[in-house]
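Asks: Next up is a structure, given as structure tokens.
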Number of protein chains: 2
Amino acid sequence: MIRISVDVMGGDYGPEVTIAGAAIAQKHLPKVHFLFYGIDEAVEPVLKKYPDLLSVSHFYATESYTRMDEKPSQALRVGRGKSSMWHAIEAVKNGEADSCVSAGNTGALMAMSYFCLKMIAETERPGIAGIWPTLRNDSIVLDIGATIGASANQLVDFAVMGASMFRSLYNVEKTTIGLLNVGVEEVKGLDEIKKAGIILSKVQFEGLEYKGFIEGNDIGKGMVDVVVTEGFSGNIALKVAEGTAQQISELLKSAMRSSIFSRFGYLLSQSAFRKLKQKIDLDRVNGGVLLGLNGIVVKSHGSASASDFSSAIRIGYEMVNNELLKKIITDLQCFHEKKAIFLNNKGESVIDKETI
Amino acid sequence: MIRISVDVMGGDYGPEVTIAGAAIAQKHLPKVHFLFYGIDEAVEPVLKKYPDLLSVSHFYATESYTRMDEKPSQALRVGRGKSSMWHAIEAVKNGEADSCVSAGNTGALMAMSYFCLKMIAETERPGIAGIWPTLRNDSIVLDIGATIGASANQLVDFAVMGASMFRSLYNVEKTTIGLLNVGVEEVKGLDEIKKAGIILSKVQFEGLEYKGFIEGNDIGKGMVDVVVTEGFSGNIALKVAEGTAQQISELLKSAMRSSIFSRFGYLLSQSAFRKLKQKIDLDRVNGGVLLGLNGIVVKSHGSASASDFSSAIRIGYEMVNNELLKKIITDLQCFHEKKAIFLNNKGESVIDKETI
């Protein structure tokens, strides 16, 4: 049995979407069991609509829920021990659930998860890993918005955790890694990225193949399996990709409506357009995974549909099914040991020297 | 007469493309005169193919040229006073040319321009402004890769210069400005963006309307005329947009080839696809403008075609025709005065307090 705690109140539409999403997910996930957390009056009427869920779920009424516009610090202060989001996360901490899924306020989810689950030993800050559809297969990009700015050590940890996640999800042995950078030589302010690059290229680690720096346009080509960056540029990259896809789709629609020929052409090509939509559909891969914590927390888009939310649940399920957390903890520990040996032999000064 | 100095050797293809590009541009730009800088043996044979250029250009043979892979510091050291890139920039400094266009090494172009032309008084570092096609009209995004990291003052200067450029290019009176940010509240490391936001919202400046923070997906919607960000995230945003457009175009092509119906549909819709391509074609708007220097320098894509390079020349021409440099210098001076009054009245401490 894989037990998933769901912050039923989270997201723009609350229980109507999250419970419907759970009902969809249930059909595809044989071993799933849900722990639903939410406000009684809001959840009960919706739950009644899905009798199939009864046998695979348990509902826990909570005192409050975290609003989408609450500031993280405030959400933590007033929601701690009370809100549906808090309880869903705490269920993971207490071993009652194997992973937690929420479409709620990202900042609050980050703050509560960080506070409640704590970081894995020797890691500094969590990152959010997102799945990015590319011309080859899906890639993983992290951090897409958890932590602004990142030290070389954090970037390296992101690389290791991203690789663990990639191998968990896609069942491969070797994972390629790229550090997101800009193409200009000798630029300032990127010392942490350069240092991370040196560590990743010098510390040999089974299953992880460091490919060097990549640029923004390499992500969509699927040049590497895991793209590592700090949260500010990662979030901007993600949002720009979404925006560009949206923009092209609107331009395409209006172009196809522009003449009688193209309208007819559109009718003939509908299956092709459906195929395209599916390939670039970010909702298909809805669900960012918070990595670095002592527990798996999956963040769904706030505006997710029931079907999108079911994708986030599926990701939370797969992560447990493939023992992601165990892999991450083992991989990080092993990498940190190798890194320590490298740094002791060479000294940090080598890194500083090489970056100049 | 508008005199444009061209680093003929720059770019992946050198004179074959740059001179062909000049020949295309010449047909559309009534008052243009070219100053070509390059290696004699490489340029002369190509120039001969374009007799129409003879009457509107002068060729200056140079000792060397800057290679695409040279490090900026090295390019400056060995190319100063010698390379075609240097001479093209110096022509602007000496008042022999009104603007300079190069498809060469970005870092070298930045370094040489900075060294040769110097910054406009009271500005710190240059930014590169790019034109970004959106669902509404074209927007301007800066900095797309000149300077990594930016202080609040630099971001504010980018906003003022971007607005001057937008008004120059599109002949409008009011320009809307947005600061690129991530959606998460209370994030760390963004103090400079927050400070810039306070200055832009508090200092009233005619023709400039500050709209607050925008996210990556707002750029493609054309939510504001000018998007301001520091060079690292700006470059990643630009490259991700290019990559996503490329990715969708490839997926679309392969989807349209997937069945006999869609192939026929494609034939019927060709004019629609051409329309789409034109709308999202970044080459149409090829040419990043270095802003903040005492002179106009336009950077073309290194891989530009002749037609793309002619776009960069057109941008260099328009900037002069619309007196961009004069506008920028006046606007910056005026804004700096207003900013000083605001800061003296309120003190910098107000800004620091408001950002907490």
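Asks: Per DSSP helix of 4 or more residues, -39500 (n - 2.57); summed, then divided by the residues of chain A. What does that give at 222 nm, rounded to the nearest 500? Present the calculation step by step, with values, prior to reporting the outcome.
Replies: Numbers: 15 runs with 184 residues, N = 356.
Helices in chain A give a 222 nm mean residue ellipticity of -16000 deg cm²/dmol.
Asks: If we count other beta carbons within 10 Å of each Cβ, what is the order of B:SER99, B:SER254, fewest first? Mind showing how you got there, number by number?
Replies: Numbers: B:SER99 27, B:SER254 14.
Ranked by crowding around the Cβ, least crowded first: B:SER254, B:SER99.
Asks: Using a label point 7 angstrom from Cα along Cα-to-C-beta, what distances in nm, from shortest up, separate B:GLU250 from the other copies?
Replies: 2.6
Asks: Percent antiparallel among DSSP beta bridges with both residues in region B:101-258, to the nearest 5? Kindly include the intermediate steps, with their values, before the conclusion.
Replies: Values: 5 of 16 bridges.
Bridges in region B:101-258 that DSSP calls antiparallel: roughly 30 percent.
Asks: Hey, what did chain A get for relative contact order, percent, Cα under 8 Å, at least 6 apart?
Replies: Working: 695 pairs, mean separation 82.5, N = 356.
Computed over chain A, the figure is 23 percent.
Asks: Exactly which GluC sites (Glu not before Pro) in region B:200-297 are in a DSSP loop and have at most 16 other Cβ atoms within 10 Å?
Replies: Details: sites: B:GLU206, B:GLU209, B:GLU215, B:GLU230, B:GLU242, B:GLU250; in loops: B:GLU206, B:GLU215, B:GLU230.
Those that pass, being in a loop and sparsely packed, are B:GLU206.
Asks: Moving on to the next point. Counting other beta carbons within 10 Å of each residue's own, what order do B:MET1, B:MET319 fall into, fewest first? Write down the numbers at each step before the final one.
Replies: On the way: B:MET1 8, B:MET319 26.
Ordered by Cβ neighbours within 10 Å, fewest first: B:MET1, B:MET319.
Asks: So how do B:172-178, B:148-154, A:335-341 stack up, highest first, on mean other-Cβ count within 10 Å? Don't skip to the answer; put the middle values down first.
Replies: Details: B:172-178: 17.7, B:148-154: 19.7, A:335-341: 15.9.
Highest to lowest by the protection proxy: B:148-154, B:172-178, A:335-341.
Asks: For peptide B:248-258, what's the mean number of Cβ atoms from other chains within 10 Å of each residue's Cβ?
Replies: Details: counts 12, 1, 3, 10, 9, 2, 5, 10, 6, 1, 5.
Per residue, the number of nearby Cβ atoms from other chains is 6 on average.
Asks: Loop-only check: which GluC sites (Glu not before Pro) in region A:1-80 are DSSP coil with at most 15 other Cβ within 10 angstrom?
Replies: On the way: sites: A:GLU16, A:GLU41, A:GLU63, A:GLU70; in loops: A:GLU63, A:GLU70.
Counting only loop positions with at most 15 other Cβ atoms within 10 Å, the GluC sites (Glu not before Pro) in region A:1-80 are A:GLU63.
Asks: Among the lysines, which have Cα under 23 Å from the Cα of B:LYS49 when same-chain residues fewer than 8 positions away are ignored?
Replies: The qualifying lysines are B:LYS27, B:LYS31.
Asks: So, one more: Over 25 Å between Cα atoms, which of A:LYS174/A:LYS221; A:LYS174/B:LYS253; A:LYS299/A:LYS326; A:LYS211/B:LYS239 qualify? Don't skip to the answer; put the middle values down first.
Replies: Values: A:LYS174/A:LYS221 18 Å; A:LYS174/B:LYS253 31 Å; A:LYS299/A:LYS326 20 Å; A:LYS211/B:LYS239 19 Å.
As for pairs spanning more than 25 Å Cα to Cα, those are A:LYS174/B:LYS253.
Asks: Around B:LEU35, which amide H atoms from residues at least 5 apart in sequence, or from another chain, sit under 5 Å from its own amide H, with H modelled in the peptide plane?
Replies: Placed amide hydrogens put B:ILE4, B:SER5, B:VAL6, B:HIS58 under 5 Å from B:LEU35.
Asks: Using a 10 Å cut-off on Cβ to Cβ distances, tally the other chain neighbours for every residue of A:55-61 and report the average as a whole number. Please report the intermediate quantities before stating the final value.
Replies: Numbers: counts 0, 0, 0, 0, 0, 0, 0.
Mean inter-chain Cβ contacts per residue within 10 Å come to 0.
Asks: Based on the alpha-carbon gyration tensor of the protein assembly as shown and its eigenvalue square roots a ≥ b ≥ c, which shape applies: rounded if a/c is under 1.5, prolate if not and a/b is larger than b/c, or oblate?
Replies: Numbers: a/c = 1.81, a/b = 1.63, b/c = 1.11.
Prolate, since a/c reaches 1.5 and a/b exceeds b/c.
Asks: Something else: Pull out a ≥ b ≥ c, the square roots of the eigenvalues of the alpha-carbon gyration tensor of chain A, then state rounded if a/c is under 1.5, prolate if not and a/b is larger than b/c, and oblate in the remaining case.
Replies: oblate
Asks: Let me make sure I get this right: for region B:1-128, a, b and c are the square roots of the gyration tensor eigenvalues over alpha carbons, sorted descending. Under 1.5 in a/c it's rounded, otherwise prolate if a/b > b/c, else oblate. Which is it? Write out the running numbers ahead of the final one.
Replies: Values: a/c = 2.04, a/b = 1.38, b/c = 1.48.
In terms of gyration-tensor shape, oblate.
Asks: Go through region A:133-147 residue by residue and turn each phi into a ³J(HN,Hα) via Karplus (6.51, -1.76, 1.60, θ = phi - 60°); whole Hz please, and just put x for glycine and proline.
Replies: Whole-Hz 3J(HN,Hα) from phi for region A:133-147: x, 10, 5, 8, 9, 6, 10, 10, 10, 8, 8, 9, x, 7, 10.
Asks: Would you mind giving the mean number of other chain beta-carbons within 10 Å of the Cβ of each residue in B:221-230, as a whole number? Intermediate results must be reported in sequence, preceding the final value.
Replies: Working: counts 4, 1, 1, 0, 0, 0, 0, 0, 3, 3.
Shielding by partners across B:221-230 averages 1.
Asks: Additional query: Just rank B:ASP52, A:ASP191, B:ASP225, fewest to most, by other beta-carbon atoms within 10 angstrom. Walk me through the numbers before you get to the answer.
Replies: Working: B:ASP52 10, A:ASP191 15, B:ASP225 27.
Taking fewest neighbouring Cβ atoms as first place, the list is B:ASP52, A:ASP191, B:ASP225.
Only the coordinates and a few stated rules stand behind these numbers; no lab work does. Predicted, not measured: the structure shown is a model, and the values here were computed from it. Every residue, glycine as well, gets a Cβ built from its backbone with ideal geometry; the counts of neighbours run over all protein chains shown.
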